[in-house]
Amino acid sequence: TTTTSIAATNFSAMDVSNGSLRGAEGLVEADSINQQPSAPRRRRCCNCKRRYLCCGGFTLTALVVVLICWGLGLFESSFNRDFDVGLAVTFAKLAGAAYCDEKTLVDWDCGEKCISGVSKPVKVCQGSTTQVLITSFNGRGLVSFEGTKSTLSMFQDLRTWSESTPWEDCNGCEVHSGFLAEWLSLKYCIMDSLNVVGHGRGSSISIMGHSLGAAVATLGTIGLLNQGWTVREFYNYGMPRAGNEQLAEEVESRLKDAALYRITHHMDPIPHVPMEAIGFKHFGHEVFFDTSDNSKFVLCPKAEDQHCAAQYSNLIYDALNVNDHLDYMGVHTGSANCKGSLYPGSVSFKVEEGLSGEPLRQRQQQEQQQLLQKQLDQPEIHRQPSLPATLQVQNRTEPLVI
């Protein structure tokens, strides 16, 4: 018997009745396929006998690379990807609007900070020392917290007198007692006002604040989340540390799906108080502007990053740059440019007196620096040897005035 060989190895049909296979190219006798082809040789992970060491080494190396990249922040996150400078400027204006006179806010006629997109009614809640603006902005509830009327007084108090207290709304959290007292004085009015403006429990809201208002807004954010509101956006500007590390972790955890941005500017002294050394911590998600160019900023997902505001942490030297606290992305986040209001920091003149624009700002800056130097030169301030050399404190027993 003669065996016919064929070149093709892929058979399209079989005919075993005559003991042969019929392929696309010809015939091959059945005897020629009795021998089973040997199983394909299993390819080793690599040329080593101890395969588990070799392949495991590759896996371990890849894991280490991933962890290093994650630690260095090389994987883009929504925090890095979604920050919108234009929206941050808009919310800075609304944070500044909270400083304006109540009547002008209710009428939504407070000057350049009363921007379009706000729908009446506009409600204003008065707390112990600050006020809060509640309204609708582009169809969403908005809560904007006013800061202190005197930036320098707040800085002086925060760097010299800082007492924390447990907060029942946040398990394990210790918060600044003055900030907590202010939030509690505002809480129920804010919740009632959100109902009035059409954004009751279950609604999505945006929250913002500047200076002390940013710290109170942090407590307000947790408080309103606990009461059933959904916070979609939380932008704050020039915020002091509001509480301990547990509070910082709570904010980041509860707002992991929200637009959370803690914005800082150059040598603004307020973000450096109260001191980290006595237990106060920032949350992360910092956006740092080191210049007046809004297109240049640094994103720091983790708190106290030396690439952001933490690089400027000398309290006394930073205090001479209080103007950086009042200007965020070209927006004056205090009460300057509010219709008919006084500028914070014991400035004794009004906008209507004829000053406006750059001359007004220069005069305000000059008076702020003079007031700061006067406070730093007060004789009752002395150094405590047990504290860092950069921290000067007063002997005082009276409660914090904010």
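The values are calculated or read from the model by the stated rules, or taken from the named source; none is laboratory data. Please read these numbers as outputs of a predicted model, since none were measured by experiment. Heads up, the Cβs are rebuilt from the backbone with ideal geometry, glycines too, and the neighbour counts pull from every protein chain shown. Note: areas computed on protein heavy atoms with side chains; ligands, DNA, RNA excluded. Shrake-Rupley method; radii C 1.70, N 1.55, O 1.52, S 1.80 Å.
Before moving on, here are some points about what is shown:
- Per the conditions (1) modelled with pLDDT under 90; (2) open to solvent by 10 Å² or more (accessible area, probe 1.4 Å), the sole criterion not satisfied by Ala319 is (2).
- Each residue in segment 282-331 was checked for being touching a Lys or Arg at 6+ places or on another chain (Cβ under 6 Å) and touching a residue at least 40 places away in the same chain (Cβ under 8 Å), and 4 of them qualify.
- Within segment 69-117, helices (runs of 4 or more DSSP H) holding 3 or more residues that are at pLDDT 95 or above and open to solvent by less than 40 Å² (accessible area, probe 1.4 Å): 85-97
- Pick from segment 329-348, criterion modelled with pLDDT under 90 and open to solvent by less than 20 Å² (accessible area, probe 1.4 Å), ranking: farthest from the chain's Cα centre (by Cα): Val347
- Only one of the numbered conditions (1) buried (at least 22 other Cβ atoms within 10 Å of the Cβ); (2) more than 30 Å from Glu112 (Cα to Cα) is not met by Ala310, and that is (1).
- Check on Thr129, open to solvent by less than 20 Å² (accessible area, probe 1.4 Å), outside any helix (DSSP H, G or I), modelled with pLDDT under 95 and within 30 Å of Phe280 (Cβ to Cβ): no
- Filtered residues of segment 224-265 (kept if touching a strand residue (DSSP E or B) at 6+ places or on another chain (Cβ under 7 Å) and among the small types (Gly, Ala, Ser)): Gly238, Ala242, Gly243, Ala248, Ala258, Ala259
- Residue match in segment 219-232 (condition: touching a Ser or Thr at 6+ places or on another chain (Cβ under 7 Å) and closer than 23 Å to Val89 by Cβ): yes
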